[in-house]
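Enquirer: Right, I'll just put the structure down here and ask away after.
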């Protein structure tokens, strides 16, 4: 407590009394007159604070890792799609000969992608670098050349870093003849 008057001895006296009484009550409960290590010891039978429990997942948060099953896959040339050209980026487009965009729709929503891992598209076991995720269940990836596709291609999705647990169990096929 402080006094608003500079000359108030009564206010300063009250502060001194409170300080002395706080020290005295501390000494009475710990059995010592100093605030050394003995004053900070906790008896073994003293009640403990409960351990923190993990927070319940909130809506939109990460679901337990499970395989990512697919609803559909489409492929088309990127040439006339301005939005996809911007997403692929100028460096990719400079190096690409006949760029293809692969679009995958999952059966279930992907959940939160705000973590250290991300869902990735795989074609014939090869990961498409820079797969983009769009909520709730759409993924887009790019191939630099149509020549990289086989006549019939196996398409899966897996979370990067947990591929064995999350890889699609029922892959879809994509035929090169179906590329629009």
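The values are calculated or read from the model by the stated rules, or taken from the named source; none is laboratory data. All values reported here derive from a predicted model rather than from experimental measurement. Every residue, glycine as well, gets a Cβ built from its backbone with ideal geometry; the counts of neighbours run over all protein chains shown.
Enquirer: For the stretch 91-102, what are the residues that are outside any loop (DSSP other than H, G, I, E, B) and crowded, with 18+ Cβ neighbours inside 10 Å?
Expert: The answer is 100, 101, 102.
Enquirer: From 180, 86, 169, grab the single residue that is out of contact with any helix residue (DSSP H, G or I) (no Cβ under 8 Å at 6 or more places or on another chain), surrounded by fewer than 12 Cβ atoms within 10 Å (Cβ to Cβ), farther than 22 Å from residue 69 by Cβ and touching a residue at least 40 places away in the same chain (Cβ under 8 Å).
Expert: 180
Enquirer: Mind listing whichever residues of the stretch 110-127 are part of a loop (DSSP other than H, G, I, E, B) and either at positive phi or modelled with pLDDT of 95 or more (or both)?
Expert: 111, 124, 125
Enquirer: Residue by residue through the stretch 129-159, note down the ones that are surrounded by fewer than 19 Cβ atoms within 10 Å (Cβ to Cβ) and more than 24 Å from residue 93 (Cβ to Cβ).
Expert: Within the stretch 129-159, 135, 136, 137, 151, 152, 154 meet the criteria.
Enquirer: Name the one entry in 56, 105 that is modelled with pLDDT of 95 or more and either in a loop (DSSP other than H, G, I, E, B) or closer than 28 Å to residue 167 by Cβ (or both).
Expert: Result of the check over 56, 105: 105.
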